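Data first, discussion second: the structure below is written as structure tokens.
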Amino acid sequence: VQAVVVEKGAVRVVSDWPCPEPGPGEALVRMRLAGICATDLEIVRGYSPLQGVLGHEFVGEVASAPDPAWVGQRVVATINIGCGECAVCLGQGPEHCPRRKALGITRDGVFAEFVALPLDNLLLVPEGLPDEAAVFAEPLAAALRIREQLAVPPSTLVAVVGPGRLGLLVAQVLAVAGTSVVVLGRRPASLALPQALGLDTALVPAAPTAGFDFVVETTGNAAGLQEALRLVGPLGTVVLKSTYAGAAEVDLTPLVVNEITVVGSRCGPFAPALRLLAAGQVQVEPLIAAVYPLGEAVEALEHAARPDVRKVLLRP
Ligand SMILES: [Zn+2]
Ligand SMILES: [Zn+2]
């Protein structure tokens, strides 16, 4: 089958990748539409030692499954595959299983005509929700994770640093609760889309402090973390959503002096993400910059890495 493969840090499209063989309890899913996110770009740069198929954001159709009720259904899938046996898996779930595999990160992903996935990871896409919206379920779930981790009272001042593909989902998810959310960017051009989505925007303030109660860092670079620590006020909270290759060097003293809470935030709940999409409470389709055929994935990855480009999709 056609697949986008990372090998020894290089990415290419191959047409003779073996069709994945579903294990016990797994379905074979035909990919319909997949999304490129910052993590994919970082994997190509060496963030994870993946040797295999890239990609974890997608919507597909079940081609075969141990339970025939799934066959033909349109699905999205959570990306962490736990061992299913350890205390973590049996307690809170697979996200922090020490033996977990993550789709497209440490196990073959979805930038391929077919992907094998445990039935436990699949969620039905609500009828009437277009593929172009459903494909955002994974990043929207990741944005919602913040609201699982933290109570963000409606009266607080929230800044989202980075008007990119994830930042615009985070900002919308936090604004749904009536909270005052400002999307901060470095250039006016990068703020045009958030403004069109009805979000408050501002250029990153130059003042040494800004006094936000919550600052969410979504830029995907080490400078963004430094910026977030400058923007947060005393007793405030910084949420880190970015993963990147390489290490960040930051001055930790302001963290101590100002008693800042730093929260790492990764994968989130899919069911509420699908509900928000089905209810039209979060706008995602304006984020789509381009749709490429799977065979042109290398060009699509280059496109996704350009400034002010949000979501680039792949279609088989
Ligand atoms: Zn992603
Ligand atoms: Zn486990």
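The values are calculated or read from the model by the stated rules, or taken from the named source; none is laboratory data. What you see is a predicted model; the values in this text were computed from it and never measured. Every residue, glycine among them, receives a Cβ derived from its backbone with ideal geometry; neighbour counts consider all protein chains shown. Keep in mind that these areas ignore ligands, DNA and RNA; they rest on the heavy atoms of the full protein, side chains included. Shrake-Rupley method; radii C 1.70, N 1.55, O 1.52, S 1.80 Å.
A few notes on this one:
- Accessible surface ranking for F111, F214, 1.4 angstrom probe, highest first: F214, F111.
- Paramagnetic label zone (point 7 Å from Cα along Cα-to-C-beta, V298; backbone N under 16 Å) in the stretch 10-24: 10-17
- Probe 1.4 Å, protein heavy atoms only - accessible area per residue of the chain in square angstrom: 43 Å²
- Distance from the stretch 52-109 to the stretch 127-198 (C-alpha centre basis), Å: 25 Å
- Computed from backbone phi, the HN-Hα couplings of the stretch 81-92 come to 10, x, 6, x, 10, 7, 4, 5, 4, 6, x, 8 Hz, rounded to whole numbers (Karplus: 6.51 cos²θ - 1.76 cosθ + 1.60, θ = phi - 60°; Gly and Pro given as x).
- The overall shape of the stretch 128-194, judged from the alpha-carbon gyration tensor, is oblate: a/c is not under 1.5, and a/b is no greater than b/c.
- The chain, relative contact order [Cα under 8 Å, separation at least 6], %: 19 percent
- Residues with amide H under 5 Å from that of V216, placed H, sequence gap 5 or more: A159, V160, V161, V239
- Calculated FRET value between S155 and Q195, using beta carbons and R₀ = 22 Å, to 0.05: 0.40
- Extending 7 Å from Cα along the Cβ direction at V256 and again at A177 yields two label points whose distance is 3.1 nm.
- Spread of Cα-to-Cα distances over 20 Å intervals beginning at zero, given as percent, for the chain: 33, 58, 9, 0
- Tensor-based shape of the stretch 67-173 (alpha-carbon gyration tensor, a/c under 1.5 rounded, otherwise prolate or oblate): oblate
- Rounded to the nearest 20, the size of the Cβ-charge dipole of the stretch 70-226 about its Cα centre is 340 debye, with Lys and Arg at +1 and Asp and Glu at -1.
- Exposed loop sites are taken as GluC sites (Glu not before Pro) in a DSSP loop (any state but H, G, I, E or B) with at most 11 other beta carbon atoms within 10 Å; the longest stretch of the chain without one runs 128-248.
- Evaluating 6.51 cos²θ - 1.76 cosθ + 1.60 at θ = phi - 60° for every residue in the stretch 194-211, the Karplus couplings come out as x, 5, 5, 7, x, 8, 6, 9, 7, 6, 4, x, 7, 4, x, 9, 10, x Hz, glycine and proline recorded as x.
- Under-5 Å amide H pairs with V75, H placed in peptide plane, nonlocal only: G60, E61, V62, V125
- Between V262, V232, V29, the GNM of the chain built on Cα springs shorter than 10 angstrom shows V262 fluctuating the most.
- 222 nm mean residue ellipticity, helices alone, for the chain (DSSP H n ≥ 4; -39,500 (n - 2.57); rounded to 500): -6500 deg cm²/dmol
- Two-decimal log10 I(q)/I(0) for the stretch 162-280, as the Debye equation yields it once each C-alpha is a single scatterer, q = 0.19 Å⁻¹: -1.10
- Taking one quarter of the surface of the C-alpha convex hull of the stretch 210-316 gives a mean projected area of 8.9 nm².
- Karplus (6.51, -1.76, 1.60) ³J(HN,Hα), θ = phi - 60°, over the stretch 301-313, in Hz, Gly and Pro reported as x: 5, 5, 4, 5, 7, 6, x, 6, 8, 8, 8, 10, 10
- Interchain or long-range residues, amide H under 5 Å from Q2's placed H: E113
- Stretching the chain fully between A202 and C83 yields a gain of 38.4 nm (0.36 nm per residue, less the alpha carbon separation).
- Here the stretch 227-241 is scanned for amide nitrogen atoms under 14 Å from the site 7 Å beyond the Cα of T209 along Cα-to-Cβ, giving 229-237.
- Annotation: for a label point projected 7 angstrom from Cα along Cα→Cβ of E61, residues of the stretch 120-150 with backbone N closer than 20 Å are 122-137.
- Available extension along the chain between A69 and A222 is 50.5 nm, counting 0.36 nm per residue and deducting the alpha carbon span.
- With contacts taken as Cα pairs under 8 Å at a separation of at least 6 residues, the stretch 147-270 carries a relative contact order of 22 percent.
- For H56, H96, the ranking by accessible surface with the largest value first comes to H96, H56, using a 1.4 Å probe.
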